[in-house]
Structures are given as structure tokens and as C-alpha cells.
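Just dropping this structure here.
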Amino acid sequence: KAGVTQTPRYLIKTRGQQVTLSCSPISGHRSVSWYQQTPGQGLQFLFEYFSETQRNKGNFPGRFSGRQFSNSRSEMNVSTLELGDSALYLCASSFTSGGSSYEQYFGPGTRLTVT
Amino acid sequence: AQSVTQLGSHVSVSEGALVLLRCNYSSSVPPYLFWYVQYPNQGLQLLLKYTSAATLVKGINGFEAEFKKSETSFHLTKPSAHMSDAAEYFCAVSDREGGGNKLTFGTGTQLKVEL
């Protein structure tokens with residue numbers, strides 16, 4: 001099975017712009033979660049989507065949003081970029097049964113640099 | 001809220017020596033615990049998981065971890081370190097409230113393996 005894929009792998013944006021990151025989960029996985037990784041704050045949970053619905057949300061401002069499509073692919077969007085949004089954004093997918101999700105498998109990440 | 005604490009941000013061992021990476025958890029419910037490894041410029045790779053079955057869990061690459069409820073610990077060990085084990089290791093706990101799948105990570109331990 002193919003793993004979790006994320007596009008693009010690297011991105012450079014300017015303050016004030018917006019950006020959209022894409023994630024394709026492992027085939028058969030319906031839960032997709034997003035995490036932000038920075039040297040200062042470590043790994044932080046952004047949100048989780050399951051069956052096109054946001055099931056969990058982390059403590060991030062409303063500039064961070066996401067969505068999931070019927071094929072389980074997910075996108076996250078960051079509007080009005082700030083320098084502090086520079087980070088590695090990781091997507092993870094997991095298998096779900098009976099409403100419960102199992103271990104998460106991570107993609108390679110998208111490295112976002114805001115200048 | 002669930003949390004994990006990783007003691008030691010940097011651990012250095014000699015090749016062939018025992019690897020011991022420490023993780024303590026805090027959870028009001030029986031936890032699901034995970035260890036992930038991250039190599040430079042890559043995403044997270046699942047090493048092993050504890051989901052309330054056997055307390056001694058074996059993972060990939062010769063790693064194992066033991067769940068000790070009395071000590072609220074889930075330390076990661078490997079009998080003999082290899083140069084290829086040099087990486088950053090993250091302990092994580094899963095918040096499964098409402099069937100969700102949010103992972104809370106520790107701050108990570110950078111493992112250095114010396115000749």
C-alpha cells in the first residue's frame with residue numbers, strides 16, 4: 001500500500017499571503033489529522049477530519065482551517081500568513097472501525113517558510 | 001488532559017550499548033501510548049504502540065517498550081544500539097474521547113550513537 005502523501009513538500013510564502021497544503025491518506029483510511037512541528041513548540045495537533053467532518057480541533061487561531069473530501073483526501077489552509085507559521089506541517093491518517101480510530105501513519109510533511 | 005513527559009532531550013550511547021529513552025504519561029483513563037521516530041527531513045515513523053493488551057510491546061528495528069501503570073511509564077529500549085538508530089524519538093498519548101484520534105506528543109529525545 002502506498003503511504004500518506006503530502007504536496008507540496010516545500011513552500012516559500014510571503015507574510016500576508018495564504019497557502020493550501022494537500023494530504024492523501026493511505027487507501028482505506030478515513031481519518032486524517034494535521035500537526036504543526038516547530039523547534040520552539042514541538043509537535044502540536046491542529047485538527048482531525050473523519051467522513052468529511054471536523055472531529056477534533058487544536059488550539060490554533062481561525063486562520064488555520066481544513067477540509068476533507070469524499071475520497072478522504074484533506075487540505076489545510078492558512079490565511080494571512082505570519083512569520084511564526086513557518087513550520088513542518090505533518091498529515092497523518094488512520095484506519096477507523098466502529099467510530100474508533102487506530103494508530104496514525106504520517107506523511108513526509110510540507111516544509112512551509114514564511115518570509 | 002492527557003500528557004507525556006520525555007526525560008532527557010539528548011541521549012548519547014555507544015554503538016552496541018543499551019538504548020533507554022524515558023517517557024512518563026498522565027492520563028485519567030487507560031491510555032493508548034505510542035513511540036515514533038523521526039529522521040532528518042522526514043515525517044514520523046511508528047515504532048510501536050500500547051493499546052491495553054500485553055504490557056511488553058515489541059516494535060520495529062528491535063525496539064520494545066514496557067507499560068508500567070504503577071510508575072505511569074512507557075520507556076523505550078533496545079538492547080544494542082546501531083548507528084542507524086540515530087534520530088529523534090517521540091512518545092505520544094492518544095486522546096480517544098468521542099472516538100477522536102488526537103495525539104499529544106512529548107518534546108522528543110535526540111538519540112546520538114557514537115562509535
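The values are calculated or read from the model by the stated rules, or taken from the named source; none is laboratory data. Keep in mind that this is a model prediction, so the values were computed, not measured. All Cβ positions, even for glycine, are placed from backbone atoms using ideal geometry, and neighbour counts span all protein chains on display. For the accessible areas, the whole protein counts, side chains as well, though only heavy atoms, and no ligand, DNA or RNA atoms are used. Shrake-Rupley method; radii C 1.70, N 1.55, O 1.52, S 1.80 Å.
For a quick check, take a GNM of chain B with Cα springs below 10 Å and name the residue from B:31, B:79, B:40 with the largest mean-square fluctuation.
B:40
In nm, what is the difference between 0.36 nm times the number of residues separating residue A:52 and residue A:7 and their Cα-Cα distance?
14.3 nm
Any idea how far apart residue B:115 and residue B:15 come out in nm if each label point goes 7 Å out from Cα toward Cβ?
Label at residue B:115, label at residue B:15, 0.7 nm between them.
Share of chain B's accessible area from carbon and sulfur, percent, 1.4 Å?
52
What do you reckon, how do B:82, B:75, B:10 stack up by accessible area (1.4 Å probe), largest on top?
Largest accessible area first, the list is B:10, B:82, B:75.
Also: Connecting C-alpha atoms closer than 10 Å in a GNM of chain B, tell me which of B:41, B:61, B:24 has the biggest fluctuation.
In this elastic network of chain B, the residue with the biggest mean-square fluctuation among B:41, B:61, B:24 is B:41.
Can you tell me the FRET efficiency between residue B:107 and residue A:20 if r is taken as the Cβ-Cβ distance and R0 is 30 Å, rounded to the nearest 0.05?
Efficiency, rounded to the nearest 0.05: 0.55.
For B:102, A:1, give the ranking by accessible area with the largest first, probe 1.4 Å.
Final ranking, largest accessible area leading: A:1, B:102.
Gaussian network model of chain A, Cα springs within a sub-10 Å range: biggest mean-square fluctuation belongs to which of A:90, A:81, A:21?
A:81
Probe radius 1.4 Å, ligands and nucleic acids left out: which of B:83, A:76 has the largest accessible area, and how do the rest follow?
Output order, biggest surface exposure first: B:83, A:76.
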